[in-house]
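Novice: Quick one: structure below, then a few questions.
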C-alpha cells in the first residue's frame with residue numbers, strides 16, 4: 001500500500017481514508033490489490049495494483065472491468081476515479097481500451 005500512496009502523493013493526490021479490500025470479499029481469485037480511497041474533496045477512488053510477469057492483454061481489461069463492477073455492487077456506490085497500477089508489460093490495444101473506459105494508468 002505504501003508504494004501506491006507514495007506514487008500518488010508525488011502526483012499531488014492526498015487521501016483522507018484508504019481501505020484495502022481483499023479480492024476474496026468480491027469473489028475474485030486473481031492476485032490483485034484493491035483499494036477504496038476518499039480524497040480531501042470527498043470523491044471516491046477505486047485503485048487497483050497489479051503485479052505479474054505476463055503481458056496484460058485485452059482479455060485482462062475485460063476481467064478488470066468485471067472486478068470493478070463487483071466493487072461497485074459491493075460498496076453500493078459509484079467511484080469518481082479509477083486508477084490502475086501495472087507492474088507488467090502492457091499491450092498497446094489493452095492500454096487504449098483502459099483509457100477509453102476511464103482508467104488512469106500509472
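Novice: Roughly what % of Cα-Cα distances in segment 57-106 sit above 15 Å, to the whole percent? Provide the component values of the computation, followed by the final result.
Specialist: On the way: 540 of 1225 pairs.
The proportion of pairs with Cα distances above 15 Å equals 44 percent.
Novice: Okay, moving on. Which FRET efficiency, nearest 0.05, do residue 65 and residue 7 yield, Cβ-Cβ r, R0 30 Å? Mind showing how you got there, number by number?
Specialist: On the way: r = 23 Å, r/R0 = 0.76.
After rounding to 0.05, the efficiency reads 0.85.
Novice: Given the rule -39500 (n - 2.57) for each run of at least 4 DSSP H residues, summed and divided by the residues of the chain, what is its mean residue ellipticity at 222 nm, to the nearest 500 deg cm²/dmol?
Specialist: Mean residue ellipticity at 222 nm (helix-derived): -11000 deg cm²/dmol.
Novice: Which length gain, in nm to one decimal place, applies between residue 95 and residue 58 when the Cα-Cα distance is subtracted from 0.36 nm times their residue separation?
Specialist: Numbers: separation 37, 0.36 × 37 = 13.32 nm, distance 0.86 nm.
Full extension of this stretch gives 12.5 nm more.
Novice: For the chain, what is one quarter of the convex hull surface built on the Cα atoms, given in nm²?
Specialist: On the way: hull surface 25.7 nm².
Averaged projected area of the chain's Cα convex hull equals 6.4 nm².
Novice: For the chain, take the longest principal axis of its alpha carbons; what is the angle in degrees between that and the long axis of helix 58-75, to the nearest 10 within 0 to 90?
Specialist: 30
Novice: Once label points are set 7 Å from the Cα along Cα→Cβ at both residue 74 and residue 104, what is their separation, rounded to one decimal in nm?
Specialist: The two pseudo-label positions are separated by 2.1 nm.
Novice: Computed over the Cα atoms, what is the radius of gyration of segment 8-61 divided by 2.2 N^0.38 Å, N being its residue count?
Specialist: That ratio works out to 1.33.
Novice: Here's a follow-up. Taking the Cβ-Cβ separation of residue 87 and residue 24 as r and a Förster radius of 22 Å, what is the calculated FRET efficiency to the nearest 0.05?
Specialist: On the way: r = 21 Å, r/R0 = 0.97.
About 0.55, to the nearest 0.05.
Here, each number is a calculation from the coordinates, and none is a lab measurement. These numbers were taken from a predicted model, which means no experiment stands behind them. Cβ: placed from backbone, ideal geometry, glycine included. Neighbour counts: every protein chain shown.
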